[in-house]
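One structure below.
Values quoted throughout were computed directly from the atomic coordinates according to the rules given, and no laboratory measurement underlies them. Quick caveat, the model's predicted, so the values are computed rather than measured. Neighbour counts run over all protein chains shown; Cβ positions are idealised from the backbone, glycine included.
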Amino acid sequence: MYPAPFDYVRAGSVAEAVALLAQHGGEAKPLAGGHSLLPLMKLRLVQPKVLVDIGRLAELRGIREDDGALVIGATTRHAEVARSPLVQRHWPGLAEAAGGIGDLQVRNRGTLGGSLAHADPAADLPAVAVALGAELLATGPQGPRTLASETFFVDMLTTALGEAELLTAIRFPSRPARTGSAYVKIPHPASGYALVGCAARVVLAADGRCQEVRVVLSGVGPVPQRAVQTEQQLLNQPPEPAILAAAAMAAAAGLQPWDDLAASAEYRQHLATVCARRALTLAAQRAQQA
């Protein structure tokens, strides 16, 4: 299918891109890798009048450390995130998620910021961002601001970004000692999207018990879902296999997941417990080795 007619403008800077978005209002969309936006345009689910190309802006790309935190530019490709030694050292769960997105072509063109701003319910990176407590840096007509990942995702394909705001970078906090992260998903065999995915972060106290736990599910609702009961059940508990498995069973508590041609709601509830157990086990192992 072909998209509706549109104009194309390549921005020379973030400031110019923001100005163009503001000038055209809701009729303009930023274009980075295009792997989220272009399929929707071909289906005519969205019909922007103007595409503002930000894909070649060097100021939006790259991976660096900043006062212990990990900062990744919004147009950094998934493949770059997956193979980055910095990402693998700080947050291996993020590298795992990026390395499992789509196929080779998607990973080499799709971008971290594009995936987060698109906010697909079955995408991998939103759940990881929430699990790791990431901050999203945005710039708009009123200047820069920082958004918490936990409140960034508002609804299906909807975020807290303003109409003329541009996501510029994602800041992942420094990794505390004895902390492990992991991401596990059951992918749809055709698309690679998560039927259900789980991002986990485990922080161990000096005595080896769980001091902090965060478990976030993808593919089960319009936004990433925290498995609060699982998190609470593991606090002050040793990360032993039986304890992790029992806590993972609570991941499905209160879930009302999608029921569609890809998977039934009942099956997704089951997969939530499976993914939670696997992600928690891997994250706990990494915390013990950190």
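Brief remarks on what is shown
- Helix screen, the chain: DSSP H segments with Cα axial length of 15 Å or more and mean Kyte-Doolittle hydropathy at least -0.5 are 14-24, 265-289.
- Comparing mean-square fluctuations of L38, L70, L195 from a GNM of the chain with C-alpha springs under 10 Å, the top value falls on L38.
- Evaluated at q = 0.19 Å⁻¹, a Debye calculation over the C-alpha positions of the range 58-172 (equal weights, vacuum) places log10 I(q)/I(0) at -0.96.
- Using equal-weight Cα scatterers in the Debye expression, the normalised intensity of the range 193-248 in log10 at q = 0.16, 0.31 Å⁻¹ is -0.49, -1.23.
- Per residue, the convex hull spanned by the alpha carbons of the range 1-68 comes to 109 Å³.
- Spatial separation of Cα centroids for the range 106-135 and the range 235-290, in angstrom: 20 Å
- Kirkwood-type radius of the range 110-192, with distances r between different C-alpha atoms, in Å: 13.8 Å
- In units of the rule-of-thumb radius 2.2 N^0.38 Å, the range 136-290 shows an alpha carbon radius of gyration of 1.13.
- Taking 4.7 Å between C-beta atoms as the pairing limit, the chain has these partnerless cysteines: C210.
- Projected label points at D103 and K42, each 7 Å from Cα along the beta carbon direction, are separated by 1.1 nanometres.
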